[in-house]
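Bear in mind these aren't lab numbers, they're just calculated from the coordinates by the rules spelled out. These numbers come from a predicted model, not from an experiment. Using ideal geometry, Cβ is built from the backbone for each residue, glycine included, and neighbour counts are taken over all protein chains shown.
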Amino acid sequence: MKKSAFTGIITPRADRFRPGDFWTGPNGRTYTPRGLRDLPGHVCLTPIGGGPHMLMRRDSVRGFQRKKWGGKA
């Protein structure tokens with residue numbers, strides 16, 4: 001009997017940074033987005049392993065590739 005790989009969760013399009021995601025930047029580093037309450041529509045990309053943070057618009061994903069979906073809309 002063949003098992004299904006369906007988990008019941010549909011991964012969203014990679015058209016914006018979402019908290020809990022993991023993204024690889026154009027520089028090859030992996031980042032995780034964190035929301036900003038003071039600046040709506042923006043995220044702070046925190047590099048895994050330390051280093052300078054990046055402030056980006058939530059929909060500025062050009063040059064970035066999502067590696068893992070965090071499951072938060």
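General observations
- Along the range 41-53 the Karplus relation, 6.51 cos²θ - 1.76 cosθ + 1.60 evaluated at θ = phi - 60°, assigns HN-Hα couplings of x, 10, 9, 9, 8, 9, x, 6, x, x, x, x, 7 Hz to successive residues, with x for each Gly and Pro.
- Each residue of the range 61-70 is assigned a 3J(HN,Hα), and the resulting list reads 9, 4, x, 9, 10, 6, 9, 8, 8, x Hz, derived from the Karplus form 6.51 cos²θ - 1.76 cosθ + 1.60 (θ = phi - 60°), x at Gly and Pro.
- When you restrict to C-alpha pairs under 8 Å that are six or more residues apart and normalise by the size of the range 22-68, the relative contact order lands at 39 percent.
- Residue 48 paired with residue 34, simple spin-label distance in nm, labels 7 Å along Cα-to-beta-carbon: 1.7
- Built amide H within the under 5 Å cut-off of residue 58, gap 5+: 42, 43
- Multiplying the residue separation of residue 67 and residue 13 by 0.36 nm and subtracting their alpha-carbon distance yields 18.2 nm.
- Calculation over all alpha carbon pairs of the range 22-68 in 5 angstrom steps from 0 returns a P(r) of 5, 23, 36, 23, 11, 2 percent.
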